[in-house]
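Have a look at the structure below before the remarks.
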């Protein structure tokens, strides 16, 4: 073992000990630093790393902080089985800078609430088959699953998993969830978007892809995120669609996407070649099992409004500020 590897292992051990002393032992940062023989600044960094890496997950009892009237209004309007709103930070809705500042908090808040919901589902359904999408909100959900034990459960990606290398691509989402819970993980062994519609047909005819799709259709619960359509969207920044394709989608009335499926203000798939090249579960497939939409950030309010209009979602987990804006829309 190299000296670098040894140092990394020592850091992991120190991080775990700091997290235990602080969160479980109840020591403050100064007392934790004394116990470990290090500085308070070092302990602060270790605790931050523990949260970011998923070693520590935080569960918040939402009984007293939820926006119950807003939750009920959205649940009733869109015919949902449930709606969970995280606390609103209530910044100026018209201030563009606030959206950029609040976005990371929205991802973490919705990811934390989604992890709580998923843990409850796994507890009630030990043999659960859980379908997953991709994105930054799903990544945050995976980071909040520490301490979950579900060895009989299975996670399956609902979309082609051969995408750009990032912590929130479909493969990494499934891998992280399976690793943290001891469950089995399965991916759809195909590209996210095929080069042509003809190539898509060839790819989905492969036995390995058909087996994965068959498992996906057995999902007892599915968690998907919604994406907005602008130049700063995840699809554009990952280079999965071009600026020209983005303009074409807008011209067709597209307001958002989920798992690479582009839909309009009524939640219907738009007639664009991309929708004939995407590999994964279609919009109507998502209707066949309990699908939970995860919405983080006010930039996604139009996408949320469109997708919810389709009636596909059974549940909604959304940050409070976006929920208030969505509820205020006629």
Relative intensity, log₁₀ I(q)/I(0), of the stretch 144-227 from a Debye sum that treats every alpha carbon as a point, q = 0.18, 0.22, 0.25 Å⁻¹: -0.80, -1.11, -1.31
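Listed highest first by mean packing, meaning other Cβ atoms within 10 Å per residue, what order do 140-147, 312-319 come in? Mind showing how you got there, number by number?
On the way: 140-147: 23.0, 312-319: 25.0.
Descending packing order for the listed peptides: 312-319, 140-147.
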At what distance in nm do the modelled label points of residue 75 and residue 120 sit from each other, each positioned 7 Å from its Cα along Cα→Cβ? 1.0
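Between residue 208 and residue 268, 0.36 nm times their residue separation minus their Cα-Cα distance comes to what? Could the numbers behind the result be given before it?
Working: separation 60, 0.36 × 60 = 21.60 nm, distance 2.91 nm.
Full extension of this stretch gives 18.7 nm more.
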If you take the beta carbon distance between residue 90 and residue 28 as r and set R0 to 35 Å, what does 1/(1 + (r/R0)^6) give as a FRET efficiency, to the nearest 0.05? 0.70
Give me the Debye-computed log₁₀ of I(q)/I(0) at q = 0.06, 0.16 Å⁻¹ for the chain, equal point scatterers on Cα only, no solvent, two decimals. -0.22, -1.39
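Compute the relative contact order of the stretch 173-330 as a whole-number percentage, counting only Cα pairs closer than 8 Å that sit 6 or more residues apart in sequence. Mind showing how you got there, number by number?
On the way: 240 pairs, mean separation 37.5, N = 158.
24 percent.
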Please determine, in degrees from 0 to 90 and to the nearest 10, the orientation of helix 68-78 with respect to the longest principal axis defined by the Cα atoms of the chain, where the helix direction is its Cα long axis. 30
For the chain the mean separation of alpha carbon contacts under 8 Å (6+ apart) over residue count, i.e. relative contact order in percent, is 18
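Read-outs: derived from the displayed coordinates by stated rules, not from any lab. Because the structure is predicted, anything quoted here is derived from the model rather than measured. Ideal geometry is used to build each Cβ from the backbone, glycine not excepted, and the neighbour counts take in all protein chains shown.
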